[in-house]
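Read the structure below first, then the notes.
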Amino acid sequence: MEVQKQHDQETETHQPHISSYRDLIGIWIGLMVLTLMTVAVSVLGGRLATMAVAMAMFIATGKSFIVASRFMHVKYDKPVFKVLGAIVMVLFVALLLFTILDYATR
Amino acid sequence: MEHLVLPNSGLTRDDEGSKLGMWLFLYTEVLLFGGLFIVYTMYRFLYPDSFLQGSYHLSIPIGTINTIVLLTSSLTVAMGITALQKGNNKLAVWLMVATIFFALVFMVNKYFEWSAKIEHGLFPGMDAYMQLPRGETLFFFLYFFMTGLHALHIIIGAVVIGLVTMEIKNGKQSSSNFAYTENAGLYWHLVDLIWIFLFPLFYLIH
């Protein structure tokens, strides 16, 4: 009986995190604002063309972090999901960077 | 999610493991599109003016609407998973149906977008396309290839969410067994995530 109770308590504390509707809608509003910001930077900041590209990529990266951590739930997952995601990101950025370096230094 | 599958535990499934499997698949998707993004970066670096010219053919309003549609569909699928976890299956079904609806809206927009370009002969191999300068042919080739591959992912995602919806409806997916639904959601969010980069890179150059 005692063991069963303890077991129940353990499974209780291991309940999965459930994102609340409120949080999800808040995230969505944030993503909307960032989307409109990207469009505004591109349409209004035409003269700062290179800056606009950097800004657009900066905002897109921020948005993808928000989607991954909150919508895709990585924030509440075990560390292994964060570590693997980080490794994939580092590999991709390295691949991109070295390709750019190659072309830029020819 | 926290179930450990131990011998004699009575559990025949491993939710954590299936989620990890889904993520491993998503990493390969990231590298698939990532390779294309690198091709894009290099050609844009070599032909910056042609890419700018090419982007003038794309409509920022349609691109923005599709971005908003996809972000909203990500919200509905995430809320659907919350509803399922809270045991509100009926709401979960409706939110999944809403997600499929948004996928359809996205595809209809895409259809009008593509058919306008094809009418102007800008699809690779058509007359107007063949007369474009080299940089612009690369822009349109990448535009059709990358948004086409993305659209294919939208179709697959919508079908998978349809299958999940039926599982929820007949009670196979529930508040105590939602790994399949969660994995379908992960796929859908990834499709949204790729569009987050496609949109500024193709539509917002000017």
Original post:
Looking at chain B, what % of the alpha carbon pairs are farther apart than 29 Å?
Top reply: 35 percent
Subject >> Fraction of accessible area attributable to carbon and sulfur, the protein assembly as shown (%, probe 1.4 Å) >> reply: 70 percent
Original post:
Using a 1.4 angstrom probe and counting only protein chains, how large is the accessible area of B:F123 in Å², to 10?
Top reply: 80 Å²
Original post:
FRET efficiency for B:V97 and B:H57, Cβ-Cβ distance as r, R0 = 41 Å, nearest 0.05?
Top reply: 0.75
**OP:** Report the accessible surface area buried between chains B and A, summing both sides, using a 1.4 Å probe on protein heavy atoms only, in Å² rounded to the nearest 100.
**Re:** 4100 Å²
Original post:
Say we join alpha carbon atoms closer than 10 Å with springs in a Gaussian network model of chain B; which of B:T12, B:T67, B:T28 then has the biggest fluctuation?
Top reply: B:T12
Original post:
So how exposed is A:V80, as accessible area in Å² (1.4 Å probe, rounded to 10)?
Top reply: 70 Å²
**OP:** Along Cα→Cβ, 7 Å out, is where each label goes; now give me the distance between the ones at A:V33 and B:S18 in nm to one decimal.
**Re:** 3.7 nm
Original post:
Can you count the Lys pairs in the stretch B:18-203 with C-alpha separation below 27 Å, eight or more apart or on different chains?
Top reply: 8
Original post:
If each of A:R22 and A:K82 carries a label point 7 Å out from its Cα toward its Cβ, how far apart are those two points in nm?
Top reply: 2.5 nm
Subject >> Distance between the stretch B:147-168 and the stretch B:182-206 - C-alpha centres, whole angstrom >> reply: 14 Å
Original post:
Which part of the stretch B:171-191 falls in the paramagnetic zone of A:S69, meaning amide N under 18 Å from the point 7 Å along Cα-to-beta-carbon?
Top reply: B:190
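The values are calculated or read from the model by the stated rules, or taken from the named source; none is laboratory data. Please read all numbers here as calculations on a predicted model, not as lab measurements. Reconstructed Cβ throughout: ideal geometry from the backbone, glycine too, with neighbour counts over all protein chains shown. Each accessible area value is taken on the protein alone, full model and side chains, heavy atoms only, with ligands, DNA and RNA left out. Shrake-Rupley method; radii C 1.70, N 1.55, O 1.52, S 1.80 Å.
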